[in-house]
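Colleague: Have a look at this one.
The values are calculated or read from the model by the stated rules, or taken from the named source; none is laboratory data. This structure is a prediction, so every number in the text was calculated from the model and none was measured. Cβ atoms come from the backbone with ideal geometry, glycine included; neighbour counts cover every protein chain shown. Calculation scope for accessible area: heavy atoms of the full protein, side chains included, ligands and nucleic acids excluded. Shrake-Rupley method; radii C 1.70, N 1.55, O 1.52, S 1.80 Å.
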Amino acid sequence: LSRFRCQRLDLSGNTRNCFLTGNPGSYRNFISKGLRCLWNAPNTEVYRNAHHSLGRFCFQSSQLLGDNIISLQISSVGQLPRHFSPWDVQIVKCFHTSPSFQAAPVPLFWIIVKPAQKLFAIILGRSIRKWWKALPPNKRELFKESARKNKWKILLGASSLGVVFVVFYFTHLEETPITGRARLLVFGKEHFRELSQMEYEMWMEEYKGQMLPERDPRYQVVERVVGHLAESNKDIPEVSALQWVIHVVDEPGVNAFVLPNGQVFVFTGLLDAVSDIHQLSFILGHEIAHAVLEHAAEKASLVHLLDFLSLIFLTMIWAVCPRDSLAVVGQWIQSKLQEFVFDRPYSRTLEAEADKVGLQFAAKACVDVRASSVFWQQMELAETIQGQPRIPEWLSTHPSHENRAEHLDRLIPQALKIRESCNCPSLSGPDPRLVFRLNMQHLLESSKDQEPPNSTKQDLSKPKLDFAHT
């Protein structure tokens, strides 16, 4: 979600390598950073986690914003909206320490006991296999005969467990804020708030020497964008209930995420990667949507439920397989099936939902929502220019850049209606999507005659932003 030391222990208890290089011990980062490796991340597994953190941007950038940049220059998309004015955003940069004897949050408890659960399932299955092999042939036949005679009792017991599971599932369904989608929530919101505070303290400790001061123009831009998004969407209880606190980290890697407790972290590399204030507003709206929709708790709940069910299959695998080597292979296949059939598709669903809600947040803030799909087209272009291999979408935790842009294009008409209903100023200038397509067409035509200069490639892959004080 290397230079960020991104091997993290996620809320399901699994370690994930989510960025380029680096392999440090990371027990202290038990919540996955949820980084989205969009760029320069070959042969890596894009994050699989429970934190919406489920929606963080982390592609490589070699440029840094200079401290002397003072003006916003946008030629194709438009100027900073006229209504953007300074907002007073309360900045709280403090550390919270839990009482010494306070019980650990429930999600953290399950993270700790999960390895023990798997070990117990393996030992139990292996013991059953050894016990069966040690039985004399006559006792095996007696056992089989007894099982045949009591098959209805066995079936009734299994059905009872199934009914308990179904009842548990439907009694823990809740409605997702804003979208109204039914989702499973096993862990309470207060538990994840505690985890968020703990993760916040670890992030602050890790980047305590790299936090930009409030007087920095880049900090002020992020502060104004987040403040404007929050103010424009204060009619939503989940938005107004959180205190949005800004932290801008001086790091070249492109990264942005919002913790469930409202702590907003933006890396300066992201400010160098977006083309204009509208794209930045959409990205931060997407990250805020993850926190508002409580995707962290939702993903952790699903992973916890699937892991509990997988313990049954894990026990059966180690009991049925004749050798330990075959059981290890069977366990690996079972884990991959769970990952590709449930975990990754579910993560893509949450990402698409955050895109939809984040676009609505941006529309109510009078942002040019048409720039949202252009951002993902730029990401697609950057990968093509750099020759990055395209990973099939079904292998990723995120929709492909192309599908993401198409999905946003389908949502933009509705977002424009929302923008109009909020009495926003009319959009002036050409559609940035049209401008991008024309630029790409011109680039392709020029490439037929001569190789584009390296500077052109650099500008297309990492457009430069100059931020204004006004």
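Colleague: Going by what's in this entry, would MET211 be described as of a type in the set (A, V, I, L, M), closer than 30 Å to ASP307 by Cα and surrounded by fewer than 19 Cβ atoms within 10 Å (Cβ to Cβ)?
Modeller: Numbers: of a type in the set (A, V, I, L, M): yes; closer than 30 Å to ASP307 by Cα: no; surrounded by fewer than 19 Cβ atoms within 10 Å (Cβ to Cβ): yes.
No: the conditions fail for MET211.
Colleague: Can you pull out the residues in the range 124-151 that are surrounded by 12 or more Cβ atoms within 10 Å (Cβ to Cβ) and of a type in the set (Ser, Thr, Tyr)?
Modeller: Matches in the range 124-151: SER127 only.
Colleague: Somewhere in the range 327-346, is a residue open to solvent by less than 20 Å² (accessible area, probe 1.4 Å) and not in a helix (DSSP H, G or I)?
Modeller: Within the range 327-346, none of the residues are open to solvent by less than 20 Å² (accessible area, probe 1.4 Å) and not in a helix (DSSP H, G or I).
Colleague: Would you check if THR171 is under 29 Å from GLU298 (Cβ atoms) and open to solvent by less than 90 Å² (accessible area, probe 1.4 Å)?
Modeller: Details: under 29 Å from GLU298 (Cβ atoms): yes; open to solvent by less than 90 Å² (accessible area, probe 1.4 Å): no.
Judged against the criteria, THR171 is not a match.
Colleague: Can you go through LEU306, LEU314, LEU350 and tell me which one is surrounded by 23 or more Cβ atoms within 10 Å (Cβ to Cβ) and closer than 29 Å to GLY180 by Cα? Outline the logic, then answer.
Modeller: Numbers: LEU306 fails: surrounded by 23 or more Cβ atoms within 10 Å (Cβ to Cβ); LEU314 fails: closer than 29 Å to GLY180 by Cα.
Result: LEU350 is the single residue among LEU306, LEU314, LEU350 that is surrounded by 23 or more Cβ atoms within 10 Å (Cβ to Cβ) and closer than 29 Å to GLY180 by Cα.
Colleague: Does at least one position in the range 260-269 carry a residue that is over 26 Å from LEU195 (Cα atoms), part of a helix (DSSP H, G or I), open to solvent by less than 10 Å² (accessible area, probe 1.4 Å) and of a type outside the set (Ser, Thr, Tyr)? I'd like the intermediate steps shown before the answer.
Modeller: Taking the range 260-269 first, the residues over 26 Å from LEU195 (Cα atoms) are 269.
Still in the running and part of a helix (DSSP H, G or I): 269.
Among the residues that remain, those that are also open to solvent by less than 10 Å² (accessible area, probe 1.4 Å) are: 269.
Among the residues that remain, those that are also of a type outside the set (Ser, Thr, Tyr) are: 269.
Yes, that holds for at least one residue.
Colleague: Continuing with the same structure: Of a type outside the set (D, E, K, R), under 24 Å from LEU416 (Cβ atoms) and open to solvent by less than 10 Å² (accessible area, probe 1.4 Å): is that true of HIS290 in this structure? Spell out the reasoning first.
Modeller: Working: of a type outside the set (D, E, K, R): yes; under 24 Å from LEU416 (Cβ atoms): yes; open to solvent by less than 10 Å² (accessible area, probe 1.4 Å): yes.
In short, yes.
Colleague: Check GLN377, GLN414, GLN388, GLN441 and return the single one that is under 22 Å from the mean Cα position of the chain (by Cα), modelled with pLDDT of 80 or more and not aromatic (Phe, Trp, Tyr). Please lay out each step first, then the result.
Modeller: Numbers: GLN414 fails: under 22 Å from the mean Cα position of the chain (by Cα); GLN388 fails: modelled with pLDDT of 80 or more; GLN441 fails: under 22 Å from the mean Cα position of the chain (by Cα).
None of the others qualify; the one that does is GLN377.
Colleague: Out of GLY180, GLY188, I need the residue that is within 30 Å of PHE265 (Cα to Cα), at pLDDT 90 or above and open to solvent by less than 60 Å² (accessible area, probe 1.4 Å). Which one?
Modeller: Details: GLY188 fails: at pLDDT 90 or above.
Among GLY180, GLY188, only GLY180 is within 30 Å of PHE265 (Cα to Cα), at pLDDT 90 or above and open to solvent by less than 60 Å² (accessible area, probe 1.4 Å).
Colleague: Name, by its number, the condition in (1) open to solvent by 10 Å² or more (accessible area, probe 1.4 Å); (2) assigned to a helix (DSSP H, G or I); (3) not hydroxyl-bearing (Ser, Thr, Tyr) that does not hold for GLY358.
Modeller: (1)
Colleague: Also: Restricting to the range 291-318, name every residue that is touching a Gly at 6+ places or on another chain (Cβ under 7 Å) and either hydroxyl-bearing (Ser, Thr, Tyr) or at pLDDT 95 or above (or both).
Modeller: Answer for the range 291-318, where residues must be touching a Gly at 6+ places or on another chain (Cβ under 7 Å) and either hydroxyl-bearing (Ser, Thr, Tyr) or at pLDDT 95 or above (or both): just THR315.
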